[in-house]
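I have placed the structure first, in the form of C-alpha cells, so that the comments after it can refer back to it.
Every number here is computed from the coordinates shown, using simple stated rules; none is lab data. Quantities reported herein were computed from a predicted structural model and do not represent experimental measurements. Counting neighbours? That spans all protein chains shown, and the Cβs are built from the backbone with ideal geometry, glycine included.
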Amino acid sequence: MRKLSKTIISLVAVFFLLANNTLADKIKIGTEGAYPPWNSKDASGKLIGFEVELAQELCAIMKHECTIVEQDWDGMIPALLMRKFDAIMAGMSITEERLKTINFSQGYADEVASLAVMKGSSLANLQTVKSLSLSKKGGDVKKTLDQLKNALAGKTIGVQTGTIHQNFLESGDVGKVNVRKYKTQDEVNLDLAAGRIDAALAAAVAFTDYAAKSGKPVVLVGPTFSGGAFGNGVGVGIRKGDSSSTVGKRDAKILKDFNKAINTARKKGIISKLAIKHFGFDASM
Amino acid sequence: MITSVPKLLYATLITLKLLSFSIIFGLFIGLIFSLMRISKNTLLNKISYYYSYIFRGTPMLVQLFIIYFGLAQLDWLRESFLWVILKEPFWCAIIAFSLNTGAYTSEILRSAFQTISKGYIEAGESLGLSKFKIFVTIQIPVAIKQSLPAYGNEIILMLKGTSLASTVTLMDLTGVSKFIISTTYKPVEVFIVAGSIYLFLTFLIHSFIKYNEKKYEAK
C-alpha cells in the first residue's frame, strides 16, 4: 500500500513538472473581449476581433504557441503583473503613465478618440476643428479646448474606467465636467443611448461600431483627439524584464520577440489588412 | 497609497448612505409585506408570497441590472416622470436594494409574528384590549425581540450587498477601491484596506444589534 501511494505521488509530481515545463513556454495573451472592433466576443463566447486575429498572426511569426485569455479591463495591468498572462493586447494605448509600471512593444495600431452624443442633443451641433493633436502646442489647440470647455461645462460624460479617455477628462483640459466611470464600454454605450449621460468619450470606432450594430442614432461630435494624454498608439503591454532572474529574462525576450514580429507583420502588410477588415480603414502603424 | 485614504473614507460615507436608505425603506416594505402574508385575505397573501419568492430567488446583481439597464430600454418609461428617479444610479441602487432586503425582512418578521405564542394574545384579550392594541403593544415588541438576531444578520448581508452599487457607476467603497487600483495597480493593498473598513462597519452593526438584544432581554 505504501509502495503504491509512493508511486502515485511521484507520478503526479512528474506530471506537474512536465506540465509546468510545457506551459512555461506558451505565451499567454490577455485581452478584454468587450471593446469591439479591437477585441470582443461572438455569440458563442469565442474571442474575436482585430487584436485576437493579430495575436494569432504574431504568434505564427514568432513560431510560438499562444493562448488568448480574457480579463476585465480594470484588472488588466494588475493581472499582467501577477503573471496571470504574459502580454496585453487589449486596445491599450502606450502612455507615460502606464510606462512607469509596464513595458510596451512598438505600437501596432493607432486611431483617434472622439466624443459621441445622441442625435438631437444640444451638443450635436458643436462646431470645432476636425482634429486636435494634444502633442502640438499653440493657439489652435487652446482655442479648441476652450470651445470644448464652454460646451461641456456641467455636463455628465461617460468613460470606461482606467482609460486614456478618463485621464483626459479628469486632467482639467476641458474644465470641470462630471465624469461617470463604467466597467465596460458596452455599459457606456447603453447609458448614452438611454440618456443617462450627456456625452461619452472613447475610441471613435467604438461608437461607430455600436451605432452600426444597434441602430441607435449615436453621432460623433467635436474634434478627434490624439497625442498628449491620448498616448502614442496601441502596443503590446509586457512586464518590465531584467537580466537578473529567469522570469525577468523571459519577459525581456517576449518583448524583443513581439517587436520583431510586429516589424515582420507590418512589412508583409498583415497589420494593414487586418485593420481594414475590422476598422474599415487602415489603422496600422 | 496614503493619498487614497481620504477617498476611501469618503466612499465609506456613500456605502453607509446606500445601506441606511435601503435598510429604512426595506424595513417599511418588509413590515407591510409580512402583514399581508399573515393576513387572511388570499390575494394579499399570494402577492406577498410571490414577491418574497421572486426577490429571494434571484441574485441581487440581476435585480439591479434589470432596474438600471433593463428599465432604461423602455422608451415610454424614459419619457415618463419616473425617469427623474430611474435616471440616477443612486436611486436605482436604492430601489433594488430596498426591494431585495424588503423580501428578506418580510420573511423574518412573518416568522416572528407567527411564532408568538398564543398565550400572549390571549392574555391581551382577557385584559379586554382591542385587536389593534394587542398588535401594537404585544405582537410588535415581541416580534422585534424575536427577530433581532436574524435581522442583524440581514443588515450585515446588506452592507456587503451595497458593494454591487459599483457596477452601476456609483463610487461606493468598492467602486473607489477598484478605481484606485486602476491607477495604482496595487489590488492587494487597496482591497485589504477596503476589506478592513467593511469589517469595522460589520463590527459596529454587530455591536449595535447585540446591545439591543441585551436591552430587550432585560425587560
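Observations on the model:
- Most fluctuating residue given options B:Gly70, B:Gly26, B:Gly128, as computed from a GNM of chain B linking Cα atoms under 10 Å: B:Gly128
- Placing dummy labels 7 Å off each Cα toward the beta-carbon, the span from B:Thr184 to A:Lys119 is 4.6 nm.
- Among B:Ile121, B:Ile95, B:Ile38: highest mean-square fluctuation, GNM of chain B, C-alpha pairs under 10 Å: B:Ile121
- Given A:Lys63/A:Lys273; A:Lys249/B:Lys186; A:Lys84/A:Lys249; A:Lys142/B:Lys7; A:Lys41/A:Lys277; B:Lys46/B:Lys131, the pairs whose alpha carbons are separated by over 26 Å: A:Lys142/B:Lys7
- Net dipole in debye of chain A [+1 Lys, Arg Cβ; -1 Asp, Glu Cβ; about Cα centre; nearest 20]: 700
- Dipole magnitude (debye, nearest 20) for chain B, charges at Cβ of Lys, Arg, Asp, Glu: 400
- A straight Cα-to-Cα reach below 12 Å connects A:Lys149 with the aspartates and glutamates A:Asp173, residues fewer than 8 places away in its own chain not being considered.
- Here's the list of lysines a cross-link from A:Lys143 could span, going by alpha-carbon distance under 28 Å and ignoring same-chain residues fewer than 8 apart: A:Lys119, A:Lys130, A:Lys155, A:Lys176, A:Lys181.
- Geometric descriptor of chain B, per residue, is 146 Å³ (volume of the convex hull of the Cα atoms).
- The C-alpha atoms of chain B define a longest principal axis, and helix B:140-161 lies at about 10 degrees to it.
- Farthest toward the positive end of the dipole of the range A:194-264, out of A:Val247, A:Ala194, A:Ala204, is the Cα of A:Val247, where the dipole comes from beta carbon charges about the Cα centre.
- Between B:Ser126 and B:Leu71, full extension at 0.36 nm per residue minus the direct alpha carbon distance yields a gain of 14.5 nm.
- Over all Cα atoms in the protein assembly as shown, the spread is summed up by Rg and Dmax: 28.4, 97 Å.
- The Cα atoms of the range A:60-217 define a convex hull whose projected area, averaged across directions, is 11.0 nm².
- Within a Gaussian network of chain B (alpha carbon springs, distance under 10 Å), most fluctuating of B:Leu74, B:Leu99, B:Leu204: B:Leu74
- Other residues lying with their Cβ under 12 Å from the Cβ of B:Tyr50 contribute a combined charge of +3, Lys and Arg counting +1, Asp and Glu -1.
- Backbone N atoms of the range B:114-133 closer than 16 Å to the 7 Å Cα→Cβ label point of B:Ser39 belong to residues B:132.
- Simple spin-label estimate for A:Lys176 and A:Ala212 gives 4.0 nm between the two label positions (7 Å along the Cα-to-Cβ direction from each Cα).
- Whichever lysines have a C-alpha closer than 23 Å to that of B:Lys210, once near sequence neighbours (fewer than 8 apart) are set aside: B:Lys17, B:Lys145, B:Lys160, B:Lys219
- Simple spin-label estimate for B:Ala150 and B:Leu61 in nanometres, 7 Å along Cα-Cβ: 2.7
- Full extension of the chain between B:Leu9 and B:Ile24 gives 3.1 nm of extra length, using 0.36 nm per residue less the Cα-Cα distance.
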